[in-house]
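S.K.: Structure incoming, see below.
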Amino acid sequence: MSTFRNLIIWQKSMELVTRIYIETKTFPKEELYGLTSQIRRASVSIPSNIAEGYGRMGKNDYLRFLNIAISSLFELQTQLEIGKNLSFLQENNFNILFEDTREIERMLVSYIKKIKDS
């Protein structure tokens, strides 16, 4: 039986969340309730909305949750850039995380198009 867990996009999003949590452990303690929290919440929102939308009845509802996921992804990309600009993220780590988000972005855009066209 197929579930959201079988979606590569959900699996990659879950891997990203894990890496985000590991990377943000090095952020300054005074950012725990600021940028650290924002980054973590945005990253968690991506696979969560993919999963929640999968469980909804109807294409329009599913698309709404996929669009929330991509919005959270764009939010995360912005926050990672802020973390890099403030030197909370090393350039190399930023580049890896950002490329991971770009891959998920391409997959989400393609998946949304596929759902719309079905």
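S.K.: Would you work out which of TYR62, MET14, PRO28 lies farthest towards the positive end of the dipole of region 4-117, given +1 charges on the beta-carbon of Lys and Arg and -1 on that of Asp and Glu, about the Cα centre?
M.R.: Farthest towards the positive pole: TYR62.
S.K.: Another question about this same structure. Where does region 56-118 land on Rg/Rh, using Cα atoms and the Kirkwood Rh?
M.R.: Numbers: Rg = 14.4 Å, Rh = 12.8 Å.
Checking Rg against Rh, the ratio lands at 1.12.
S.K.: Within the chain, count lysine pairs with alpha carbon atoms under 17 angstrom apart where the residues are 8 or more positions apart or belong to different chains.
M.R.: On the way: LYS25/LYS84; LYS29/LYS84; LYS59/LYS113; LYS59/LYS114; LYS59/LYS116.
Eligible lysine pairs with Cα atoms under 17 Å apart amount to 5.
S.K.: Let me spell out the model: positive unit charges on the Cβ of Lys and Arg, negative unit charges on the Cβ of Asp and Glu, origin at the Cα centre of region 68-118. What dipole size does that give, in debye rounded to 20?
M.R.: Values: 6 positive and 8 negative charges, 51 e Å.
Roughly 240 debye, rounded to the nearest 20.
S.K.: Next question. Which of the three applies to region 41-87, rounded, prolate or oblate, going by the alpha-carbon gyration tensor with a ≥ b ≥ c and a/c under 1.5 meaning rounded?
M.R.: In terms of gyration-tensor shape, prolate.
S.K.: For region 2-47, which trypsin sites (Lys or Arg not before Pro) are both in a DSSP coil and crowded by at most 10 other Cβ atoms within 10 Å?
M.R.: Sparse-neighbourhood loop trypsin sites (Lys or Arg not before Pro): LYS25.
S.K.: Further, regarding this structure: To test your reading of the geometry: what angle, between 0 and 90 degrees and rounded to tens, separates the Cα axis of helix 8-24 from the longest principal axis of the chain?
M.R.: Its long axis makes an angle of about 20 degrees.
S.K.: How far apart, in nm, are the 7 Å Cα→Cβ label points at THR78 and VAL109?
M.R.: 1.8 nm
S.K.: Compute the projected area of the convex hull of the Cα atoms of region 4-117, averaged over all viewing directions, and report it in nm² to one decimal place.
M.R.: That works out to 6.6 nm².
S.K.: Output the 0 to 90 degree angle, nearest 10, between the alpha-carbon long axis of helix 59-85 and the longest principal axis computed from the alpha carbons of the chain.
M.R.: Tilt of helix 59-85: around 10 degrees.
S.K.: What does the extension gain come out to for ARG102 and ASN67, with contour length at 0.36 nm per residue minus their alpha carbon separation?
M.R.: Working: separation 35, 0.36 × 35 = 12.60 nm, distance 1.53 nm.
In short, 11.1 nm is gained.
S.K.: Tell me the angle of helix 35-54 to the major Cα principal axis of the chain, expressed in degrees between 0 and 90 and rounded to the nearest ten.
M.R.: 10 degrees
S.K.: As a check on your grasp of the helix formula, calculate [θ] at 222 nm for the chain: sum -39500 (n - 2.57) over DSSP H runs of n ≥ 4, divide by the residue count, round to the nearest 500.
M.R.: It comes out at -27000 deg cm²/dmol, rounded to the nearest 500.
Here, each number is a calculation from the coordinates, and none is a lab measurement. Remember, predicted model here, so these are calculated numbers, not experimental data. No Cβ is skipped: glycine too gets one built from the backbone with ideal geometry, and neighbour counts run over all protein chains shown.
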